[in-house]
Every structure is written in C-alpha cells, then in structure tokens.
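Just below is one structure, and these are the notes that go with it.
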Amino acid sequence: MEATGRKRRKFLISLILGLGGLGLLARFFRPRLPQAPARLDVPRREVPPHGALVYRQARVALVREAEEFYALDLTCTHLGCTVTVTPTELVCPCHGSRFDRRGAVLQGPAQLPLRRLEVRIEGERWVVRG
C-alpha cells in the first residue's frame, strides 16, 4: 500500500512540474506584440463640433457629433478601396458601397460596417491607433 502512495505522489509531482514547464514554454514562445504606433495625432481644437476631418493618407476620418468623438477606418470592408467622404455619407468609388456617418452600411456590396479605431486624449491632442 505504501508503494502505491509513493507512486501516486511521484506521478502528481511530475504532473504539476510538467504543466508548470508547459506554461513557462507557452509564455516564452508567445510573441510580444508591440503597441500599435499612432496612426494619427491631431490637436483637439482642430476638430469642429458636429463636423469631421478626413486624412486620406492615413485612411482615417475623425468625426465629432456633439460630445461623441470617434474615428473611422476609411478602408471599404468589401474589397479594401479607400472610401470617399461626402457631407452626408461615405461612398466607395470602386463598387458603390455606401455608409452613413457612423460607418453603418447603407448599400452593398459591402456587408460589414467600417471599422472604428481607438481614439485617446493625450494632453491637448487626439491620438488614433489601430
């Protein structure tokens, strides 16, 4: 009976050490992803109330509606063309998809809304990442 207890104890210790070793290996091999660089950095006072600023080079639209402030990725979710911003909507010049000012699909062929980007206030600036 004592031999069975030792075998069981030895097995449990080996199991615990093995699982711990696997955990350390997983942590070692997991890539450390750097924080995404700022995609856009804009002074807060530049964004007009109830307006939008479009940065075609960065493919970003900064939109301010009352107290809400958000950024849209201007990459069409259909095939990746850069959408054009008009006063009332966003239109894809490649295949005619249309989106409202919040990025929701109004007309296809795009099926998914435009992606929202992370916006943070850092001092007196809006910083967009994503």
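By how many degrees, between 0 and 90 and to the nearest 10, does the Cα long axis of helix 2-29 differ from the longest principal axis of the chain?
30 degrees
How far is it, in nm, from the label point at Cys94 to the one at Arg125 when both lie 7 Å from their Cα along the line to the Cβ?
My value for the distance between the label points is 3.1 nm.
With runs of 4+ DSSP H residues as the only contributors, calculate the mean residue ellipticity of the chain at 222 nm using -39,500 (n - 2.57) per run, divided by the residue total and rounded to the nearest 500.
So the helix-based figure for the chain works out to -7500 deg cm²/dmol.
Sorting Phe29, Phe99 by accessible area (1.4 Å probe), largest first, what list results?
So, going from the largest accessible area down, we get Phe29, Phe99.
Any idea of the accessible area per residue across the chain, 1.4 Å probe, to the nearest Å²?
Ligands and nucleic acids excluded, the figure is 70 Å² per residue.
Full extension from Leu24 to Phe69: what is 0.36 nm times the residue separation minus their Cα-Cα distance, to one decimal in nm?
Here the answer is 12.0 nm.
Using alpha carbons only, how many angstrom separate the centre of region 111-130 from the centre of region 48-82?
First find each Cα centre; the distance between them is then 9 Å.
Any idea what the dipole of region 36-130 comes to, in debye rounded to 20, about its Cα centre with Lys/Arg Cβ at +1 and Asp/Glu Cβ at -1?
In debye, rounded to 20, region 36-130 gives about 180.
Using a 1.4 Å probe on the protein chains only, how many percent of the accessible area of the chain belongs to carbon and sulfur?
59 percent
Express in Å², to the nearest 10, the accessible area of Ile16 obtained by rolling a 1.4 Å probe over the protein heavy atoms while all chains stay in place.
Taking all protein chains as shown, Ile16 has close to 120 Å².
Over the chain, what relative contact order in percent results from Cα pairs under 8 Å that are six or more residues apart?
It comes to 20 percent, rounded to a whole number.
Take the Cα gyration tensor of region 3-130, multiply each eigenvalue by 5, square-root it, and list the three semi-axes largest first, rounded to whole angstrom.
Semi-axes (√(5λ), whole Å): 49, 20, 12.
Considering only protein heavy atoms, what is the solvent-accessible area of Ser14 at a probe of 1.4 Å, reported in Å² to the nearest 10?
Here the accessible area works out near 70 Å².
The values are calculated or read from the model by the stated rules, or taken from the named source; none is laboratory data. These numbers were taken from a predicted model, which means no experiment stands behind them. Positions of Cβ are generated from backbone atoms using ideal geometry, with glycine treated the same way; all protein chains shown enter the neighbour counts. Note: areas computed on protein heavy atoms with side chains; ligands, DNA, RNA excluded. Shrake-Rupley method; radii C 1.70, N 1.55, O 1.52, S 1.80 Å.
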